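Trainee: Take a look at this one; I'll ask things after.
The values are calculated or read from the model by the stated rules, or taken from the named source; none is laboratory data. Predicted, not measured: the structure shown is a model, and the values here were computed from it. Don't worry about glycine lacking a Cβ; one is built from the backbone with ideal geometry, like all the others, and counts go over all protein chains shown. For accessibility, only protein heavy atoms count, side chains too; no ligands or nucleic acids. Shrake-Rupley method; radii C 1.70, N 1.55, O 1.52, S 1.80 Å.
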Amino acid sequence: FHVQHGHNPPYRKKRDQGFNATDAAIYGSSYHAMPFPLSCFTMGIEYHHLHHFDTKLSGYALADYQANIERGNFDYTLLANGREMTRQFDVRLASVERLDFYDMWRSLFNVAYCERTKKFVSWSECVNQVYFA
């Protein structure tokens, strides 16, 4: 969870500066495919961009939704209040950044957001910018 909210570049906008939930899901979220044994414990949270796009999506189905997007199928069906509803994913979800293990490792150390550089930084970078810049 921390990796997916602390990777660079972040999507940071206030509501009065044009914040858009769909843009946040696309430009401010990431995903990474977990190997099978680990994915049994994640409930699909590695597909964080889909969770932010539509929070009603079931965690156990997120991998299938991602596979459909990669095949170019952007339609999906939800069951809400006993009714099936057909919706469509934003086509930009196909271009959401996929983090590899190196990216995830680096993101683990991002602990603060730097207003000057508009990026997440590590603790040591934060201290250097505050005290030595």
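Trainee: Answer with yes or no whether Gly28 is over 18 Å from Phe120 (Cα atoms) and of a type outside the set (Asp, Glu).
Mentor: Considered against the rule, which asks whether it is over 18 Å from Phe120 (Cα atoms) and of a type outside the set (Asp, Glu), Gly28 comes out as no.
Trainee: Regarding Glu125, is this residue touching a residue at least 40 places away in the same chain (Cβ under 8 Å), open to solvent by 30 Å² or more (accessible area, probe 1.4 Å) and either farther than 21 Å from Ala25 by Cα or of a type in the set (Asp, Glu) (or both)?
Mentor: On the way: touching a residue at least 40 places away in the same chain (Cβ under 8 Å): no; open to solvent by 30 Å² or more (accessible area, probe 1.4 Å): yes; either farther than 21 Å from Ala25 by Cα or of a type in the set (Asp, Glu) (or both): yes.
It is false that Glu125 is touching a residue at least 40 places away in the same chain (Cβ under 8 Å), open to solvent by 30 Å² or more (accessible area, probe 1.4 Å) and either farther than 21 Å from Ala25 by Cα or of a type in the set (Asp, Glu) (or both).
Trainee: Another question, if that's okay. Could you give me the residue pairs with C-beta distances under 7 Å whose first residue belongs to segment 92-107 and is in contact (Cβ under 8 Å) with a residue 12 or more places away in the chain, whose second residue is assigned to a helix (DSSP H, G or I) and exposed (fewer than 14 other Cβ atoms within 10 Å of the Cβ) wherever it lies, and which are 6+ apart or on separate chains?
Mentor: Final answer for the pair search is Ala94/Glu70.
Trainee: If you take the residues in segment 52-91 that are in contact (Cβ under 8 Å) with a residue 24 or more places away in the chain and in a helix (DSSP H, G or I), which one is surrounded by the fewest Cβ atoms within 10 Å (Cβ to Cβ)?
Mentor: Taking segment 52-91 and keeping what is in contact (Cβ under 8 Å) with a residue 24 or more places away in the chain, we get 52-54, 56, 63, 65-66, 69-70, 78, 80, 87, 89-90.
Checking the rest, the ones that are also in a helix (DSSP H, G or I) come to 52-53, 63, 65-66, 69-70.
Numbers: His52: 20, Phe53: 22, Ala63: 18, Tyr65: 21, Gln66: 22, Ile69: 21, Glu70: 10.
Only one residue tops the list, namely Glu70.
Trainee: So, one more: Scan segment 68-85 for residues that are in contact with a strand residue (DSSP E or B) (Cβ under 9 Å, 6 or more places away or on another chain) and among the acidic types (Asp, Glu) and jot them down.
Mentor: Across segment 68-85, the qualifying residues are Asp75, Glu84.
Trainee: Taking the conditions exactly as written (within 17 Å of the chain's Cα centre (by Cα), among the basic types (Lys, Arg) and under 24 Å from Asn8 (Cα atoms)), does Arg98 satisfy them or not? Don't jump to the end; show me each part of the working.
Mentor: On the way: within 17 Å of the chain's Cα centre (by Cα): yes; among the basic types (Lys, Arg): yes; under 24 Å from Asn8 (Cα atoms): yes.
Yes.
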